[in-house]
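In what follows, a structure is listed as structure tokens, so that the remarks can point back to it.
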Amino acid sequence: RRLGSSERFDPSQPELGWCRGPPLAEPRSNAGGVVMSGMLYLCGGLGEGAQRLNSVERLVADPSRLMQGDGRESPHWNREYGSFGSRWEPVAPMIERRSTAAAAAMRRH
């Protein structure tokens with residue numbers, strides 16, 4: 001089953017548990033995930049019909065709302081970031097389609 005939803009957990013407020021996050025730009029399963037420059041990226045995975053994906057999307061947070069709220073959905077709608085204070089945006093696709101891959105960030109020397 002491919003999911004178009006996301007969830008988030010704030011370890012500074014574990015009593016809140018897991019909360020709903022913004023919907024993905026493209027439903028997927030078996031994606032690789034990595035954090036680079038403070039942003040979470042989802043790479044590839046399986047799309048509809050179990051087709052391997054080469055698409056990549058990243059989670060972009062509204063900087064004015066990073067430290068506000070209780071971790072739950074905001075009652076306020078923001079045109080750019082939606083009601084979650086963040087959104088998934090597509091970025092340049094990978095050359096090859098892949099699923100069930102590992103991802104890592106490396107620093108240049």
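Look at region 11-24 and say how many of its residues are open to solvent by less than 60 Å² (accessible area, probe 1.4 Å), assigned to a loop (DSSP other than H, G, I, E, B) and touching a residue at least 24 places away in the same chain (Cβ under 8 Å).
The qualifying residues number 4.
How many residues does region 85-109 contain that are surrounded by 15 or more Cβ atoms within 10 Å (Cβ to Cβ) and hydroxyl-bearing (Ser, Thr, Tyr)?
2
The values are calculated or read from the model by the stated rules, or taken from the named source; none is laboratory data. Just so it is clear, the structure is predicted and the values come from calculations on it, not from any experiment. All Cβ positions, even for glycine, are placed from backbone atoms using ideal geometry, and neighbour counts span all protein chains on display. Side chains are part of the model used for accessible areas, which takes the heavy atoms of the whole protein and leaves out ligands, DNA and RNA. Shrake-Rupley method; radii C 1.70, N 1.55, O 1.52, S 1.80 Å.
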